[in-house]
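The values are calculated or read from the model by the stated rules, or taken from the named source; none is laboratory data. Just so we're clear, the structure is a prediction, and the values are computed from it rather than from any experiment. Neighbour counts run over all protein chains shown; Cβ positions are idealised from the backbone, glycine included. These accessible areas exclude ligands, DNA and RNA; they are computed on the full protein's heavy atoms, side chains included. Shrake-Rupley method; radii C 1.70, N 1.55, O 1.52, S 1.80 Å.
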Amino acid sequence: MQWTDEGIVLSVRPLGETAAVVELFTRGHGRHLGLVHGGRSRRLRPILQAGNHVDATWKGRLSEQLGHITLELRRGFAAESMESDAALSALMTLTSLVRLLPERDPHPNLYEITLFVLGFLDDVTVWPALMVRWELALLDELGAGLDLSECAATGSNDQLIYVSPKSGRAVSASAGEPYRDRMLTLPAFLTKGRTSAVTLRDVLDGFALTGHFLETRVLAPRGETLPEPRGRILANLDR
């Protein structure tokens, strides 16, 4: 069996003296593993870096086997992110959280969004808000998405400024006021039709929102926690 696809390198681990097992997030084949002969060589090490965009050809006798992968570099996002600790932390967070997806289960929409975010890691005025939207998309793909379209209490879509930490549904200013101390903040840039500039406070509130539901709905049931690089993103942004 054989297929050719594009993908994003998620992780690499050595195998034996010269080989490596690479984990990719591919457009059409989802999260997929494969053996790379000579993966520890000087030629291939720069390609086998988490976050890099590659072309991949997988071969195996049976579909359920580990198989062998050959790779060609499309764009070295890993090297491009090295100059910024915040950008590198974002790249590491993306590649860590993608691994929550089931193996070999295609998620082409999330793949496109991931590639889009990686392309903006050189612009700190843009990528933090994109990262928040990416985490919302990841929650959707994992079946743990939020409903931010209308107020859970009134059904209206006006003045949506809160999110229920239990239901994951938006709540309007008036309906949420009695419970404001228990509500999560819904930043304006995540509501439909809002065009105001995204502030640092908006981004931090967005990360708090997505982080809460990643922890409670996805990670805690697996006995896991948010990746450490994600905390570095917040520390860098909040300086």
(request) Measure nothing fancy, just the Cα-based angle from helix 127-141's long axis to the longest principal axis of the chain, in degrees from 0 to 90, nearest 10. (result) 80
(request) Report, in degrees rounded to the nearest 10, the 0 to 90 angle that the Cα long axis of helix 108-118 makes with the longest principal axis of the chain. (result) 90
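Nearest 500 deg cm²/dmol is fine: what mean residue ellipticity at 222 nm does the chain get from its DSSP H runs of n ≥ 4 alone, each adding -39,500 (n - 2.57), divided by its residue count?
Working: 7 runs with 71 residues, N = 239.
Only helices count here, giving -9000 deg cm²/dmol.
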(request) Give the long-range amide H neighbours of HIS107: residues separated by 5 or more places, or on another chain, with amide H under 5 Å away, using H modelled in the peptide plane at 1.01 Å from N. (result) GLY30
(message) Which of the three applies to region 80-150, rounded, prolate or oblate, going by the alpha-carbon gyration tensor with a ≥ b ≥ c and a/c under 1.5 meaning rounded?
(response) oblate
(message) Can you tell me the orientation of helix 228-237 relative to the chain, as the angle in degrees between its alpha-carbon axis and the longest Cα principal axis, to the nearest 10?
(response) 50
(message) Using +1 at the C-beta of Lys and Arg and -1 at the C-beta of Asp and Glu, which of ALA152, LEU115, GLY34 has the Cα lying farthest in the positive direction of the dipole of the chain?
(response) GLY34
(message) Need the C-alpha centroid separation for region 118-143 versus region 48-114, integer Å.
(response) 15
(request) Taking the Cα centre of region 51-166 as origin, sum charge times position over the Cβ atoms of Lys and Arg (+1) and Asp and Glu (-1), and report the length of that vector in debye to the nearest 20. (result) 400
(request) Report which label in (i) 66, 42, 37; (ii) 63, 61, 42; (iii) 62, 38, 31 holds the value of Cα extents along the principal axes in Å derived from the coordinates of this structure. (result) (iii)
(message) I'd like the accessible area for HIS37: 1.4 Å probe, protein heavy atoms, all chains in place, Å² to the nearest 10.
(response) 120
(request) Could you calculate the contour length gain from SER84 to ASP181, that is, 0.36 nm times the residue separation minus the distance between their Cα atoms, to one decimal place in nm? (result) 31.4 nm
(request) Specify the longest stretch of the chain that does not include any exposed loop site, a site being one of the GluC sites (Glu not before Pro) with a non-H, G, I, E, B DSSP assignment and at most 14 other Cβ atoms within 10 Å. (result) 84-223
(message) For the pair GLU72/ARG133, report the inter-label distance in nm, with labels modelled 7 Å from Cα in the Cβ direction.
(response) 3.1
(request) Mind giving me the nanometre distance, one decimal, between the label points for GLU17 and SER174, set 7 Å out from Cα along Cα→Cβ? (result) 7.6
(request) Just reorder MET183, MET92, MET82 by solvent-accessible area, largest first, 1.4 Å probe, all chains present. (result) MET82, MET92, MET183
